[in-house]
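Undergrad: Starting off with a structure, shown below.
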Amino acid sequence: MAVGGNVLEQLASALDRRDEVPNQELARKIASAQDSEAVKILIENLNHKDKAIQSDCIKVLYEIAEIDPQLAANYAQVFIEFLKHKNNRLQWGAMTALHAICLENPSFIYKALPQIVEAGEKGSVITKDNLVKLLVKMASLAEYADDAFDLLCEQVLRSPTNQLPLYAELALPIISNPNKKKFSEILQSRLNEVEKESKRKRLEKVIKKLT
């Protein structure tokens, strides 16, 4: 069953709303209806001349991707292209979508990792966070585990100290026994950089679990 009414008319900006609730409700409605045509309309309007519509469309798309990754998975290439967009909202929204759909087509994502990593390193904190989450998911798959783990280690080595405990915590579940020593040593090498006590304790807790 298709979503009723004009999709663009249901966006937050069209309703003159400054909150994200309409976009979240629309995403749930589209995912529930399995409305691929509505997804296509949102994709097409990522290039809309109105920035508010662009922003709303990417928000609804990554919300759909999180609810039902399969419904958005066919647009992985589009999301990769938007990683270079000058509108930062589209850039980190695209990375959020890629993180959500990466397990639907991991071979495609794996081939695109150089572009994805480059965008993550140049992007905002949210872009970097979603890059790390994506690499963690890729490292959970045996076929891509070694390369994804190496890329993840690079991100942890270079991450801002503020994000370091989060990245360590995100990575912990996929660190296999052969990699525990290496990952622990990376975290220990950066421990003295973490000045905030609460963040330092979080990092120490991860190190303890690894040793």
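Undergrad: Which of (1) open to solvent by 20 Å² or more (accessible area, probe 1.4 Å); (2) touching a helix residue (DSSP H, G or I) at 6+ places or on another chain (Cβ under 9 Å) does residue 100 not meet, given it meets every other one?
TA: (1)
Undergrad: Test residue 62 against the criterion of being without any contact (Cβ under 8 Å) to a residue 40 or more places away in the chain, closer than 21 Å to residue 31 by Cα and in contact with a Ser or Thr (Cβ under 6 Å, 6 or more places away or on another chain), and give yes or no.
TA: Details: without any contact (Cβ under 8 Å) to a residue 40 or more places away in the chain: yes; closer than 21 Å to residue 31 by Cα: yes; in contact with a Ser or Thr (Cβ under 6 Å, 6 or more places away or on another chain): yes.
When the stated conditions are applied, residue 62 passes them.
Undergrad: Further question on the same structure: I'd like the full set of residues that are closer than 21 Å to residue 28 by Cβ and either open to solvent by 20 Å² or more (accessible area, probe 1.4 Å) or of a type outside the set (Phe, Trp, Tyr) (or both), limited to segment 66-88. Talk me through it step by step, then tell me what you get.
TA: Going through segment 66-88, the residues closer than 21 Å to residue 28 by Cβ turn out to be 66-75, 79.
Once the filter is applied, which keeps residues that are closer than 21 Å to residue 28 by Cβ and either open to solvent by 20 Å² or more (accessible area, probe 1.4 Å) or of a type outside the set (Phe, Trp, Tyr) (or both), segment 66-88 yields 66, 67, 68, 69, 70, 71, 72, 73, 74, 75.
Undergrad: When you look at residue 39, is it β-branched (Val, Ile, Thr) and closer than 23 Å to residue 114 by Cβ, yes or no?
TA: So residue 39 does not fit the description; no.
Undergrad: For the structure I just gave you, tell me whether residue 60 is open to solvent by less than 10 Å² (accessible area, probe 1.4 Å), among the β-branched types (Val, Ile, Thr), more than 30 Å from residue 155 (Cα to Cα) and part of a helix (DSSP H, G or I).
TA: no
Undergrad: Being of a type in the set (D, E, K, R) and closer than 25 Å to residue 147 by Cα is the filter here, so list the residues in segment 157-207 that pass it.
TA: Within segment 157-207, 158, 169, 180, 181, 182, 185, 190 qualify.
Undergrad: Every residue in segment 16-56 that is open to solvent by 60 Å² or more (accessible area, probe 1.4 Å), at pLDDT 90 or above and not in a helix (DSSP H, G or I), please.
TA: Answer for segment 16-56, where residues must be open to solvent by 60 Å² or more (accessible area, probe 1.4 Å), at pLDDT 90 or above and not in a helix (DSSP H, G or I): 34, 49, 50.
Undergrad: Find the residue count for segment 103-124, including only residues that are modelled with pLDDT under 95 and either among the polar types (S, T, N, Q) or open to solvent by 60 Å² or more (accessible area, probe 1.4 Å) (or both).
TA: 4
Undergrad: Determine whether residue 176 is without any contact (Cβ under 8 Å) to a residue 12 or more places away in the chain and open to solvent by less than 70 Å² (accessible area, probe 1.4 Å).
TA: no
The values are calculated or read from the model by the stated rules, or taken from the named source; none is laboratory data. Only a predicted model underlies this, so the values are computations on that prediction, with no experimental measurement involved. FYI the Cβ positions are ideal-geometry reconstructions off the backbone, even for glycines, and counts take in every protein chain you see. In case anyone asks, the SASA skips ligands and DNA or RNA and just uses the protein heavy atoms, side chains included. Shrake-Rupley method; radii C 1.70, N 1.55, O 1.52, S 1.80 Å.
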